[in-house]
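What follows is a single structure, written as structure tokens, with notes after it.
The values are calculated or read from the model by the stated rules, or taken from the named source; none is laboratory data. Here the structure is a predicted model, which is why all the values come from computation and not from measurement. Cβ coordinates were reconstructed from backbone atoms using ideal geometry, including for glycine residues, and neighbour counts include every protein chain displayed. With ligands, DNA and RNA removed, areas are computed over all heavy atoms of the protein, side chains included. Shrake-Rupley method; radii C 1.70, N 1.55, O 1.52, S 1.80 Å.
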Amino acid sequence: MTDISVILPDGSKKTLPHGATAADLALSISAGLAKAVVAARVKLGAKTEVRDLQAPLVDGAQVWLLKLDDKDAQDIMRHSAEHVLATAVCRLFPGAQVTMGPRDHGKEFYYDFDIGRPFTPEDLERIEAEMQKLITEDKPFIRREVPKPQAREEFKQLGQKYKDQILDWIPDDNVTIYQNHDFTDLCRGPHLPSTGRIKAVKLTGVAGAYWRGDQSREMLQRISGQAFTSKDEMTKHFAQLEEAKKRDHRKLGKELELFFFDPLAPASPFFLPRGALVYNKLVEYVRKLYVKYGYDEVVTPQIFDTKLFKTSGHYDNYEENMYFGYGGLSLRKLNGLIRQVAEDNKDNKDLFAKDVFGDSAEEDVEWREFGVKPMNCPGHCILYAHSLHSHRDLPMRIADFGRLHRFEKGGVTHGLARVRTFSQDDAHIFCTPDQVQAEIVSFVNLLDEVYRAFEFNDVRIRLATRPEKRAGSDADWDRAEKALEEALMGVKREFTFSPGEGAFYGPKLEFHVKDALERSWQLGTIQVDYVLPGPDRFALTFINREGAKDQVVMLHRAILGSLERFLGVYLEHIGGKFPAWLAPEQARILPITDEAMSYANELRARLLARGLRVDLDARQEKLGFKVREAQLMQVPFALVIGNKEVADKGVTVRQRGGKDLGFMAEDALTAFIVKECTMPG
RNA sequence: GCCGACAUAGCUCAGCCGGUAGAGCAACUGAUUCGUAAUCAGUAGGUCCGCGGUUCGAGUCCGCGUGUCGGCUCCA
């Protein structure tokens, strides 16, 4: 047998006996390294992959030995933790069916099981304790490569029925199997050398999850958890999580008296005066942009004859998410009518062979069915069709803060982020096909400006392309997708593709931002639509240069998206500390004694006259108490007035967070605060 | 919509094996005139989410409903 030689990261070569593994390599360098290394990244030719330490090395390969500080190594650790989890579950629940964990690991690992019943929190504790035991036992992960039929037979012997299905999707003739303790699993690997390399694990939750993510299949039980390279890291992580929970917008909304929910209007926020103030300031900000970017605002109806939604396609495609009603017809009355019909027709056996209220009902004014709008677009199509449009008038950009209602299914709502009633900074741009590109570029610039103003630095852009089920010609789609892509390239923004995730009428750009708990939410969007204005829907046209009618193109777009969702995500982003221009209360005057009260009142009146939102804390409390409350409400400026300030006609300014800005005479103060509270843009 | 958990004073939460409900903060009243994150004392406050069941007796156990939370699915 000839020796092999591998290249180390520093470029040096190392010669090893044939068949040597990465573990051998590590050992040949130092015993300490061998102890710390958990996996190897191997590059051979153009191909780089992460492998087990026990995998034999190949001559000429470049090798990096990975310790747990490496991101790939941590991924492997999480993956191994999944196997330990499954081992524990199989031990504690004989007969448990194991399925699989995630394809790509985030910070968490999870594994889906079927034990014929849900796991209880007590089960979870027992499983975690068992995992701890398995880790302490420090047993190796052993890799085997076997032909597929043999693997099938093995899992059959083990009574694992899901593995059979998983084997069906694997195209290769050979598959790999990993074993640790008495647990065997089909797995592509790689794994840590042994279970003891996992330094700390914590199970974080149990929840239902569908087999293969398909609602029509079995409901499995998903156990999720996290693995750490040290106990310290784990402690730190959960401390951070606690911090993040403090920034939960639902909690902040309550504490800062911004909004609340009531069971009589499920998932529909009530905005209190402070919340409404912020909400309206956001609208005001967007309105200012509309002037700059050439939008006209319109106000359109809330409720439409459902004929509109039949034309737009919502009646067929969005019915489940809509609210419907009839003028003056309550459920109580309807029940009475049904009883009446049944009474009148008690001898008519064929009654229910047709609709109870007959075909004519739909045409009868008394029976007109209405739908509450879930989107503004159908209404805007009516508005566009209301008058004739010349190519000279395009693009026509119409904005609408109309309130939308969507009947979201129970279990999907989430604070302000997913509600049943909301309004968007929504607009539709009607333009000629030639104008699409420029409109998209302009919009992306607009978004850039806005997200920068709100200091969202981590906005992820996704380009959702044509879905399988779609309307419109391929040529239209080519053009629309290209327009979106080129616009992004033009403004040099990074983005990822979401293949097949576009709307049925057109591709879209989605702008996503993460909340405090790392959940991603879509805010802005722009969509290119050739369908709604098309001949089968609203047939919207403009008069071209030749005097003939051409079909117009419709762009759907929103900047902040739903104002409710934006406010929720933004609240978490800033931890409740609104910039002064948005703060519901910009300054609070804190008189120390009653003697300071009359000057405090005068000052407040003068600041209010300058359009500032200033309150006066006239309660008979100590200064420390008032400062504390102003701070808890995140008021940007506390203006302290004692006898000294009364005499000198000014205030001592305390900035939110505790910074002392010292004494300011009234004129200087007014100039300072007015400047601090100026809306951007 | 699916799986699980939870629902007690305005808020945050305790309430054991089923025996007639409690704290802190807030509110109210009074005293205190105070210099940068909580002054003191007193008073009042409850459909224990709703409906039904088991029981001599239910905040507590069971069923159904509603809402919320964590996931899944969905999100034109």
Report in % the part of the accessible area of chain A that belongs to carbon and sulfur, leaving out ligands and nucleic acids; probe 1.4 Å.
51 percent
Along each principal axis, Cα extent of the range A:1-123, largest first, Å:
56, 28, 27
Pairs A:LYS409/A:LYS482; A:LYS71/A:LYS202; A:LYS281/A:LYS514: which exceed 27 Å Cα-Cα?
A:LYS409/A:LYS482
Taking a ≥ b ≥ c as the square roots of the eigenvalues of the Cα gyration tensor, with a/c under 1.5 meaning rounded and otherwise prolate when a/b exceeds b/c and oblate if not, the range A:587-676 is rounded
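Once the Cβ-Cβ distance between A:LYS231 and A:PHE504 is put in as r, and R0 is 51 Å, what FRET efficiency do you end up with, to the nearest 0.05?
Efficiency at R0 = 51 Å is approximately 0.50.
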Between helix A:623-632 and chain A, what is the angle of the helix's C-alpha long axis to the longest principal axis, kept within 0 to 90° and rounded to the nearest 10?
70 degrees
If I take R0 = 60 Å and measure r between the Cβ atoms of A:LEU33 and A:ARG217 in this structure, what FRET efficiency does the formula 1/(1 + (r/R0)^6) give, to the nearest 0.05?
0.85
What ³J(HN,Hα) values, in whole Hz, does the Karplus curve 6.51 cos²θ - 1.76 cosθ + 1.60 give for the range A:297-303 when θ = phi - 60°, with x put for Gly and Pro?
8, 10, 10, 10, x, 8, 10
What number comes out for accessible area per residue over chain A if the probe is 1.4 Å? Units Å², please.
51 Å²
Give the peptides A:141-148, A:111-118 in descending order of average Cβ contacts within 10 Å, highest first.
A:111-118, A:141-148
Treating the angle as unsigned and between 0 and 90°, give the value, to the nearest 10°, between the Cα long axis of helix A:331-344 and the longest Cα principal axis of chain A.
90 degrees
Whole angstrom only: what separates the Cα centroid of the range A:497-550 from the Cα centroid of the range A:189-254?
36 Å
Working out 0.36 nm times the residue gap between A:VAL146 and A:ASP173, then minus their Cα-Cα distance, what length gain in nm do you get to one decimal?
8.9 nm
Is any residue of the range A:179-210 close enough, with backbone N under 11 Å, to a label point placed 7 angstrom from the Cα of A:ASP138 along the Cα-Cβ axis, and if so, which?
A:194-198
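I need to check one value: relative contact order of chain A, counting alpha carbon pairs closer than 8 Å and at least 6 residues apart, in percent. Before the final figure, lay out the partial values.
Details: 1183 pairs, mean separation 59.5, N = 681.
Normalised by residue count, the contact order of chain A is 9 percent.
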Taking the range A:466-576 and dividing mean pair separation by its residue count, relative contact order in percent (alpha carbons under 8 Å, at least six apart):
23 percent
Please list, or write none, the aspartates and glutamates whose alpha carbon is within less than 14 Å of the alpha carbon of A:LYS333, excluding same-chain residues fewer than 8 places away.
A:GLU366
Need one number: nm distance between label points at A:GLN165 and A:ASP478, each 7 Å from Cα along Cα→Cβ, rounded to one decimal.
4.0 nm
Work out, step by step, the length gained on full extension between A:LYS288 and A:ARG610: first 0.36 nm times the residue separation, then minus their alpha carbon distance; give nm to one decimal.
113.9 nm
Straight-line reach from A:LYS148: which lysines fall under 20 Å, measuring Cα to Cα and dropping same-chain residues less than 8 apart?
A:LYS156, A:LYS161, A:LYS163
Cα gyration tensor, the range A:375-503 - rounded (a/c under 1.5), prolate or oblate:
rounded
Heads up, chain A by the C-alpha gyration tensor (a ≥ b ≥ c square roots of eigenvalues; a/c under 1.5 rounded, else a/b over b/c prolate, else oblate) looks oblate
Cα pair distances exceeding 26 angstrom across the range A:96-224, given as percent:
24 percent
Scoring the range A:4-67 by relative contact order with C-alpha pairs under 8 Å, at least six apart, yields a percentage of 42 percent
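Quick check: residue separation of A:VAL412 and A:ALA385 times 0.36 nm, minus the Cα distance between them. What number comes out in nm?
Full extension of this stretch gives 6.1 nm more.
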Give the calculated FRET efficiency between A:GLU518 and A:THR15 to the nearest 0.05, with a Förster radius of 41 Å applied to their Cβ-Cβ distance.
0.35
Quick check: the angle from helix A:273-293's long axis to the longest principal axis of chain A, C-alpha only, nearest 10 degrees?
90 degrees
Can you spot the aspartates and glutamates whose alpha carbon is less than 12 Å from A:LYS373's alpha carbon? Ignore those fewer than 8 places along the same chain.
A:ASP305, A:GLU319
Whole-Å semi-axes of the ellipsoid equivalent to the range A:4-67 (Cα gyration tensor, √5λ, descending)
16, 13, 11
